[in-house]
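Have a look at the structure below, then the notes.
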Amino acid sequence: MDVAHQRGGREDLSVMTAMWGIQVALCTFSMLSLSSGGDVKPRSCGEVRQAYHALEYSIADVPHQEISADPLRICAPQGTTCCTAEMEDKLGLLSRHTFEDLMESSSHNMRTSFFSKHRKFDEFFLELLNNTERSFSTMFQRTYGLFYRKNSEVFQELFRELKRYYTGGNVNMDEMFNDFWARLLERMFQMLHSQYRFSEDYLECLNKYSEQLRPFGDTPMKLKPRVTKALIAARTFVQGLMVGREVASRVTKVNLPPACSRALTKMLFCPYCSGLPGLRPCNNYCLNVMRGCLANQADLDTEWNLFLDAMLLVADRLVGPENIQQILQPIDIKISDAIMNMQEKNFELRNKVFQLCGQPNLAAGRVRSSRSVFDSNPRYRPAASRARPTSAAGTSLEHLRIVWRNMQHSIKNIKKKLSESKRFWSKLPDEICSGGNRTEPDEEGCWNSHARGRYFPEVVREGLTNQLHNPEVELDITRPNSFIRQQIMALRVMTNKLKSAYNGNDIYFQDSSDEGSGSSSGNGCAADGCIPTPTETLPPAGSEAPVVRADRSDERAAAPAGRSAAHGPAPLLLLITTGLPLLVACSPPVPRSLWR
């Protein structure tokens, strides 16, 4: 009984061994048949032909049936393909255009906001200056008559310099206001004492003691810093809108490095070559490609956010109690009050000047006179100065108030847009990959860089240094894009200027690569608080590389590892690809992470 049982066991083992041998032989035969392509008929490329034609390319470029994939450099599925080398080149070029269009459309709203708001604010501030000058002229013409007509160039020069400063002229506001009050003092003193003859030396002496004499009271001391701070805020804010617009426009047009071009072609159009033209990339696969292609742009984000924060600070200045509209609108009343102050103190002022500078000579044929400078009003009352014109100037000022109310709404709007633009560049890959049904969830039904299936690699973080282990885009992380670095410098200089403007100071600079040198105009920090003026030393002019196209690394250096042999052993690759289901069936389980 035991012998029979042992004999039966041996027979069962022999049968199982024989069956396993037959199974291994069948598996081996099946895989060898697939590798040799003995009875496998080439698949039709009809679907690819239709999709390729939809891209507005000639259908004659596409083979009717699969051909050898050996000539392809990027989209090289194992064994056969529906793409020719000419098709691959065209699809590669199309992938670059597609990426450029994505960059253009993704940044369109932000760039449009910068452009439209820059134009609107610039037009308003210029209109405000022009209307203020017209109102000033109307009021002084009516009030001071002959005196204003004879000395109008003094006031016209003041507004010319204010407008020149606002439009970017290198005007020192301290010197400009000092010159204005000095010229006005000379003209008024001579008009009030027209019976005397004053030499150039005498007038110089008069101005030498003007700070001690204070002929215009406190008005010069109070008006200069307020006008300066208001104009600094307005001018710098408009300049900031222009810089933001220019940087955004330039960064969206940076040339792609070759490694990115290959990765884009592989992601967007290599499914065509595999006979899967309608297959969209896996979302995580798209993120790795885009974070690699936009690595340098992501490094702009830190300086971009600091720039936007500074823009928001200055925007608060534009709607605060010391905004430019509130400062410029009553400038005619302030200067008129200063003139009246000098007239009322005329007797005391004359005696002090004569003591300090000596008794002037009487003009030939003239007698002493105490005639007022105002030929129409012998005695000007300060209350009358506050009666606003009811002519066209008054109407234009009312229109300006309406425009200003609209501008306040625009400032709220632009502040919202600026806040929404934070982290724009680091979030751009996510925006591109998640928008417009461009990708599929990371499941079995998406393009994973070589076939339909899941995408297993980890998603890398944003920024150039994090691309060291990006499986899709191989970049030289030691070579940042020099053009992007220049835009970072432009933002840094503008941020320094905005922060100084918030504190009521101005930084004069020639261009975005110059150090923030030059004198500051204004009088220190605003009353409602300061933020520290940046102390970071910018590199001297010329130290930054000139504007060049985006860096292009060597084609061979940028090629993925293990791809140097573009035409590897096709039979073995075909065996690995097409025999995969049989290998899985005939072999012990393998971790899925090995099959990417």
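The values are calculated or read from the model by the stated rules, or taken from the named source; none is laboratory data. Here the structure is a predicted model, which means the values were calculated and not measured. Please note: Cβ atoms are built from the backbone with ideal geometry, for glycine as well, and neighbour counts cover all protein chains shown. Side chains included, ligands, DNA and RNA excluded: accessible areas come from the protein's heavy atoms. Shrake-Rupley method; radii C 1.70, N 1.55, O 1.52, S 1.80 Å.
Structural remarks
- Region 445-465: number of residues that are within 21 Å of Gly275 (Cβ to Cβ), assigned to a loop (DSSP other than H, G, I, E, B) and not charged (D, E, K, R): 8
- Every residue from region 252-266 that is farther than 20 Å from Ser68 by Cα and surrounded by 24 or more Cβ atoms within 10 Å (Cβ to Cβ): Pro257, Ala259, Cys260, Arg262, Ala263, Leu264
- Evaluation of Tyr455 against (1) surrounded by 12 or more Cβ atoms within 10 Å (Cβ to Cβ); (2) modelled with pLDDT of 85 or more; (3) within 27 Å of Pro321 (Cβ to Cβ) (one fails), failing number: (3)
- Matching residues, region 273-284, being open to solvent by 20 Å² or more (accessible area, probe 1.4 Å) and either without any contact (Cβ under 8 Å) to a residue 60 or more places away in the chain or part of a helix (DSSP H, G or I) (or both): Asn283, Asn284
- Residues of region 450-476 satisfying the condition of being free of Cβ contacts under 8 Å to residues at least 24 places away in the same chain and among the β-branched types (Val, Ile, Thr): Thr465
- Tally of residues being open to solvent by 20 Å² or more (accessible area, probe 1.4 Å) and either part of a loop (DSSP other than H, G, I, E, B) or in contact with a helix residue (DSSP H, G or I) (Cβ under 7 Å, 6 or more places away or on another chain) (or both) across region 187-200: 5
- Flag if His469 is modelled with pLDDT of 90 or more and open to solvent by 80 Å² or more (accessible area, probe 1.4 Å): yes
- Of the criteria (1) modelled with pLDDT under 95; (2) part of a helix (DSSP H, G or I), which one Leu241 fails: (1)
- For Thr112, the test of being of a type in the set (Val, Ile, Thr) and either without any contact (Cβ under 8 Å) to a residue 24 or more places away in the chain or closer than 22 Å to Leu294 by Cα (or both) is passed.
Yes/no matrix, rows are residues, columns are (1) open to solvent by 10 Å² or more (accessible area, probe 1.4 Å); (2) out of contact with any helix residue (DSSP H, G or I) (no Cβ under 9 Å at 6 or more places or on another chain); (3) part of a helix (DSSP H, G or I); (4) among the hydrophobic types (A, V, I, L, M, F, W, C):
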{"site": "Glu161", "(1), (2), (3), (4)": "yes, no, yes, no"}
{"site": "Gly169", "(1), (2), (3), (4)": "yes, no, no, no"}
{"site": "Asp174", "(1), (2), (3), (4)": "yes, no, yes, no"}
{"site": "Asp179", "(1), (2), (3), (4)": "yes, no, yes, no"}
{"site": "Leu185", "(1), (2), (3), (4)": "no, no, yes, yes"}
{"site": "Tyr202", "(1), (2), (3), (4)": "yes, no, yes, no"}
{"site": "Lys224", "(1), (2), (3), (4)": "yes, no, yes, no"}
{"site": "Thr228", "(1), (2), (3), (4)": "no, no, yes, no"}
{"site": "Arg250", "(1), (2), (3), (4)": "yes, no, yes, no"}
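- Verdict on Asp442 being acidic (Asp, Glu), in a loop (DSSP other than H, G, I, E, B) and within 23 Å of Ala230 (Cα to Cα): no
- Scan region 432-477 for residues that are hydrophobic (A, V, I, L, M, F, W, C) and touching a Cys at 6+ places or on another chain (Cβ under 6 Å) and the total you get is 3.
- Pairs meeting the criteria (first residue in region 324-335 and open to solvent by less than 10 Å² (accessible area, probe 1.4 Å), second residue not in a helix (DSSP H, G or I), beta carbons under 8 Å, at least 6 apart or on different chains) are lacking.
- For Leu312, the conditions (1) surrounded by 18 or more Cβ atoms within 10 Å (Cβ to Cβ); (2) under 20 Å from the mean Cα position of the chain (by Cα) all hold with the exception of (1).
- Selection over region 425-439 of residues that are part of a helix (DSSP H, G or I) and in contact (Cβ under 8 Å) with a residue 12 or more places away in the chain gives a count of 9.
- Boolean, Asn496 is at pLDDT 90 or above and farther than 30 Å from Arg317 by Cα: no
- Residue list for region 285-299, filter: outside any helix (DSSP H, G or I) and surrounded by 24 or more Cβ atoms within 10 Å (Cβ to Cβ): Leu294
- Hey, Leu313 over 17 Å from Val238 (Cβ atoms) and assigned to a helix (DSSP H, G or I) or not: no
- Test: residue in region 211-220 that is of a type in the set (D, E, K, R) and either at pLDDT 95 or above or within 20 Å of Ile333 (Cα to Cα) (or both): yes
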